[in-house]
1. Return yes or no: is ARG162 in contact with a Leu (Cβ under 9 Å, 6 or more places away or on another chain) and among the basic types (Lys, Arg)?
2. Check off (1) closer than 29 Å to ALA70 by Cα; (2) modelled with pLDDT under 95; (3) in contact with a strand residue (DSSP E or B) (Cβ under 8 Å, 6 or more places away or on another chain); (4) not in a helix (DSSP H, G or I) for CYS176 and give me the number that stays unchecked.
3. Do you know which of the residues in segment 1-31 that are among the hydrophobic types (A, V, I, L, M, F, W, C) and assigned to a strand (DSSP E or B) is nearest to GLY165 (Cα to Cα)?
4. With respect to the numbered conditions (1) more than 13 Å from the chain's Cα centre (by Cα); (2) of a type outside the set (Phe, Trp, Tyr); (3) in a loop (DSSP other than H, G, I, E, B), which one is the sole condition not fulfilled by SER100?
5. Scan segment 138-167 for residues that are in contact with a Lys or Arg (Cβ under 8 Å, 6 or more places away or on another chain) and either among the polar types (S, T, N, Q) or modelled with pLDDT of 95 or more (or both) and jot them down.
6. Just give me the residues in segment 119-142 being surrounded by 14 or more Cβ atoms within 10 Å (Cβ to Cβ) and out of contact with any helix residue (DSSP H, G or I) (no Cβ under 9 Å at 6 or more places or on another chain), in sequence order.
7. Would you check which residues across segment 190-237 are surrounded by 17 or more Cβ atoms within 10 Å (Cβ to Cβ), small (Gly, Ala, Ser) and touching a helix residue (DSSP H, G or I) at 6+ places or on another chain (Cβ under 7 Å) and list them?
8. Evaluate the following for ILE145: is it surrounded by 22 or more Cβ atoms within 10 Å (Cβ to Cβ), out of contact with any Cys (no Cβ under 7 Å at 6 or more places or on another chain), part of a helix (DSSP H, G or I) and of a type in the set (A, V, I, L, M, F, W, C)?
Amino acid sequence: MIEIPDGVHRIGSYSIRRSGEAWAFAEREKSAIESHWTRRLAQNPKFFNGQVHIMLSGCLSQGHLSGTVAETDFASSLYWRETGFRDPDAADCFGAAIFSCADNSLVFGRQSPGHINSGLVYPPSGFLDPRDIDESGMADLDGSIAREAAEETGCDWADIPRDPGYLAVRDGPYLCVGIVYQVPVPGREFSAQILQRLATDTDAELESLAVLERRGDIEAHAMTTFARRIALALLPA
């Protein structure tokens, strides 16, 4: 069970481990998942049925997030998502890179066609996959976030300052663990730099960027609900 209330929580640390147990929902719905996947893959050949992780337990205590994840596949996660999240005891736990710029604006990306969040605005993020689990079975969200940020923006984030700790954003079936990077230039300048890099990438995951300078800018964009929570928490009125 995931005992984390909806909302944005500032945390100092996390410990998330792979449990080794099977996801009972995916086992139970195996036949339906296979049929759903066949249909969805025909509709979107860019989908890839790689290994991902789904959170089965989690809690917050004294600024620390702990939990367990089970290995599953993208097809099972997609089915769960597109049939109403019918396992209420599971959550999609993932890391996100939150770009806070020198003028206090946020820069989010809009996902390209063919991806699961196509057309939606969100901070760069991605599923926990096998690369994000170390030899001891612990999840490395920091590594996942850095990789996703680099893949989606073309930037090297090793030398960009970040806020201490993390934002844990519970939004129904989603649990986003975000690192806030303090980008040392204004949002529009940063956006232009990233777009220049993306222009040379024929398979970029982001098709454009959204510069959010105040909360009123949120309504101008189709946005994932977890991204909306982050923007409302961080942007000035």
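The values are calculated or read from the model by the stated rules, or taken from the named source; none is laboratory data. Nothing here was measured: the structure is a model prediction, and the numbers come from that model. Don't worry about glycine lacking a Cβ; one is built from the backbone with ideal geometry, like all the others, and counts go over all protein chains shown.
1. Working: in contact with a Leu (Cβ under 9 Å, 6 or more places away or on another chain): no; among the basic types (Lys, Arg): yes.
Considered against the rule, which asks whether it is in contact with a Leu (Cβ under 9 Å, 6 or more places away or on another chain) and among the basic types (Lys, Arg), ARG162 comes out as no.
2. CYS176 satisfies every listed condition except (2).
3. ILE11
4. All conditions are met except number (3).
5. MET138, ALA139, SER144, THR153, GLY165, TYR166, LEU167
6. Listed by number, the residues that qualify are ILE133, MET138, ASP142.
7. Result: ALA204, ALA231.
8. Working: surrounded by 22 or more Cβ atoms within 10 Å (Cβ to Cβ): yes; out of contact with any Cys (no Cβ under 7 Å at 6 or more places or on another chain): yes; part of a helix (DSSP H, G or I): yes; of a type in the set (A, V, I, L, M, F, W, C): yes.
Criteria met by ILE145.
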